[in-house]
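The structure follows.
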Amino acid sequence: MTKIQLALDRLTKKKCVEIVEQTEAYIDFIEVGTGVIKEYGMSIVREMSERFPNKKIVADMKTCDAGKHEAKQAFEAGAHITTVMAFANNQTIEDMLIVANQYGQQLMVDLLGVTDYARVEELHRLGVRMFNIHIGIDLQKDVAWGAQHFQLTNHISNLQLVVSGGINLNLLPLLMKQQPSVVIVGSAITDHENPAVAAKEIQEGVKQF
């Protein structure tokens with residue numbers, strides 16, 4: 001069953017909590033976004049972990065360097081998953097995989113900006129199993145989701161596919177053909193006048209496939 005990850009970005013701490021309280025019945029993972037972490041530090045990761053113990057917490061650290069240290073920060077704050085950029089040095093990613101294993105948690109690699117499937121193969125050989133195909137917010141005006149995005153991963157077995165970037169209800173028929181493990185939804189829920197309604201619609205949409 002595909003999981004729904006709620007991305008909390010460009011929001012106040014109060015608003016993050018309010019939205020999760022409204023939508024928690026319809027989501028599986030809570031992503032504390034990079035901007036939110038930069039604003040509030042690891043305290044908000046810890047707070048989300050304590051407030052919502054039945055949800056998986058994703059600390060979207062987007063680590064580029066100092067992987068061992070940043071992975072420890074995330075997991076000790078209560079995160080179940082932390083993120084690293086695919087362009088990071090292999091040593092950074094290997095260190096984070098080791099730390100994730102030590103804590104019994106997971107590492108997600110963000111493929112933002114990656115166009116060479118050979119890099120995905122290399123990361124898979126290192127032991128990465130969770131890959132996020134990501135269309136960044138600054139690209140969404142000019143880049144539309146299509147089958148071409150999945151050429152990065154569709155030749156590799158034994159991975160967890162994550163999709164993110166401007167995802168809404170209308171995109172689900174296209175994306176769900178790829179059988180993702182996780183669908184990340186942000187503004188389609190957080191900017192909606194009724195986040196609970198939006199989250200329920202996404203949940204029902206995912207269940208159709």
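The values are calculated or read from the model by the stated rules, or taken from the named source; none is laboratory data. The structure displayed is predicted, hence computed values, not measured ones. FYI the Cβ positions are ideal-geometry reconstructions off the backbone, even for glycines, and counts take in every protein chain you see.
So, in the stretch 62-117, of the ones that are among the hydroxyl-bearing types (Ser, Thr, Tyr) and under 15 Å from the mean Cα position of the chain (by Cα), which residue ends up nearest to Phe150 (Cα to Cα)?
Thr83
Which condition breaks for Gln5 when tested against (1) within 21 Å of Gln160 (Cα to Cα); (2) among the polar types (S, T, N, Q); (3) over 12 Å from the mean Cα position of the chain (by Cα)?
Failed condition: (3).
Something else: Quick check: is even one residue across the stretch 150-162 within 21 Å of Gly35 (Cβ to Cβ), among the hydroxyl-bearing types (Ser, Thr, Tyr) and touching a residue at least 12 places away in the same chain (Cβ under 8 Å)?
Scanning the stretch 150-162 turns up no residue that is within 21 Å of Gly35 (Cβ to Cβ), among the hydroxyl-bearing types (Ser, Thr, Tyr) and touching a residue at least 12 places away in the same chain (Cβ under 8 Å).
On the given criteria, is Gly186 modelled with pLDDT under 95 and within 23 Å of Met61 (Cβ to Cβ)?
no
Scan the stretch 78-126 for residues that are of a type in the set (D, E, K, R) and under 18 Å from Leu161 (Cβ atoms) and jot them down.
Asp110, Asp116, Arg119, Glu121, Glu122, Arg125
Looking at the stretch 180-197, I want the residues that are within 18 Å of Gly33 (Cα to Cα) and have a partner that is among the polar types (S, T, N, Q) and part of a loop (DSSP other than H, G, I, E, B) with Cβ atoms under 8 Å, at least 6 apart or on another chain. Which pairs are those?
Val182/Thr2; Val183/Thr2; Val185/Asn168; Ala188/Asn168
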